[in-house]
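Peer 1: This is the structure, below, for whatever I ask next.
Each value in this text was obtained by applying a stated rule to the coordinates, not by laboratory testing. Since we're looking at a predicted model, the values are computed, not measured. Using ideal geometry, Cβ is built from the backbone for each residue, glycine included, and neighbour counts are taken over all protein chains shown.
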Amino acid sequence: MEKHELIICIVNNGFTDLVMDAARKEGARGGTIFHGRGTGNPDMEKFFGFSISPEKEIIIILVEETIKDAVLKAINKAAGLETNGKGIAFSMPVSDTVGI
Amino acid sequence: MKMAKVETSATAVEKQMAETKAPSQPNPVSRLKFFVTIVDHNHHKEVLKILRTHESGLGFITHGRGTGTKEIYDLLGLSDVRKDIIFAVIRSDQIDNVKKEVASYFKKESRGIAFAIDISSVIGTSIYKYLSNTRV
């Protein structure tokens, strides 16, 4: 049985299509998106005097271990910290996959 | 003149801890796994039922959406891409049974994905008992 890795990617709202397109090009089949809220940099709020919407979207993608590095690299290029997506991505090994 | 001689010899206290502590039987502690299931919207109840019958200590649900190729979704008229994501903690001795039942549920009722992630540490025995559902 093939080993799988779970890629978790957290990006700013509205950048999930970029991430998924990049991941799909490297062979990922699908992902699931849910919403979150960032907690970084509370000083920004004080400085500007209003709150900046820290809305984030979290994408979880299950991929084969062999293409994990390529997918991570593609995500970083498409929506990494240097881009407007300000995304971070990491992966972890999973066991006992069902339904793939 | 009498010199009070202070007894300085330390009384040798034997530490018996090491000898008496040897457990008579192996500790029945099994590792925990973080079990994630992704199913179509409104299908979480059956999954939770499976998890509960296998002594899952904790489970919670959040909503998400799938990102399967949109063209195909539109073509088939399946515009509903809403998903339920179920996070649960189960003991690793239950994982084979859970896997089997979830797989058969996927075959019968609803397509989905499930996987497990090893939990590396837990803080405190009470938390372990809570998560593993072994409270007495």
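Peer 1: Taking GluC sites (Glu not before Pro) as candidate sites, keep only those in a DSSP loop with at most 11 other Cβ atoms within 10 Å, then name the longest stretch of chain A containing none of them.
Peer 2: Longest site-free region, per DSSP loop and neighbour criteria: A:3-81.
Peer 1: How long is the gain from B:LYS49 to B:ASP93 if the chain were fully straight, where each residue apart is worth 0.36 nm and the alpha carbon distance is subtracted?
Peer 2: Gain on stretching B:LYS49 to B:ASP93: 14.1 nm.
Peer 1: Something else: For region A:86-91, take each phi angle, set θ = phi - 60°, evaluate the Karplus expression 6.51 cos²θ - 1.76 cosθ + 1.60, and give the result in whole Hz per residue in order, putting x for glycine and proline.
Peer 2: So the J values, rounded to whole Hz, are 6, x, 10, 9, 8, 9.
Peer 1: Mind checking A:80-87 for the average number of partner chain beta-carbons within 10 Å of each residue's beta-carbon?
Peer 2: Counting Cβ atoms of other protein chains within 10 Å of each residue's Cβ and averaging gives 0.
Peer 1: Region A:4-94: percent of C-alpha pairs farther apart than 23 Å?
Peer 2: Summing the P(r) of region A:4-94 above 23 Å gives 24 percent of all pairs.
Peer 1: Separate question: Can you give the mean number of other chain Cβ atoms that lie within 10 Å of the Cβ atoms in peptide A:55-64?
Peer 2: Whole-number average of other-chain Cβ neighbours for A:55-64 is 2.
Peer 1: Based only on other Cβ atoms within 10 Å, what is the fewest-to-most ordering of A:ILE88, A:ILE33, B:ILE127?
Peer 2: Ascending Cβ contact count within 10 Å gives the list B:ILE127, A:ILE88, A:ILE33.
Peer 1: Listing A:ILE59, A:ILE100 from the residue with the fewest other Cβ atoms within 10 Å to the one with the most, what is the order?
Peer 2: By the 10 Å Cβ count, ascending, the order reads A:ILE100, A:ILE59.
Peer 1: Please tell me which of these pairs span more than 20 angstrom C-alpha to C-alpha: B:LYS45/B:LYS83; B:LYS45/B:LYS100; A:LYS56/A:LYS77; B:LYS99/B:LYS129; A:LYS86/B:LYS83; A:LYS25/A:LYS56?
Peer 2: Over 20 Å Cα-Cα: B:LYS99/B:LYS129; A:LYS86/B:LYS83; A:LYS25/A:LYS56.
Peer 1: Whose amide H sits under 5 Å from the amide H of A:GLY80, counting only residues 5 or more places off or on another chain, with H placed in the peptide plane?
Peer 2: Answer set, sorted by chain and number: A:GLY87.
Peer 1: Here's something else I'd like to know. Through the Karplus equation 6.51 cos²θ - 1.76 cosθ + 1.60, θ set to phi - 60°, convert the phi angles of region B:84-94 into ³J(HN,Hα) values in whole Hz; use x for Gly and Pro.
Peer 2: 9, 10, 10, 9, 8, 10, 10, 6, 6, 6, 9
Peer 1: Out of A:GLY31, A:GLY85, A:GLY40, any idea which swings most in a Gaussian network model of chain A, alpha carbons joined below 10 Å?
Peer 2: In the Gaussian network model the winner is A:GLY40.
Peer 1: Taking the beta-carbon count within 10 Å as an exposure proxy, list B:ARG65, B:ARG111 from fewest neighbours to most.
Peer 2: Going from least to most buried by this count: B:ARG111, B:ARG65.
Peer 1: Could you state the angle between the C-alpha long axis of helix A:16-25 and the longest principal axis of the C-alpha atoms of chain A, as a value from 0 to 90 degrees rounded to the nearest 10?
Peer 2: Roughly 30 degrees, rounded to the nearest 10.
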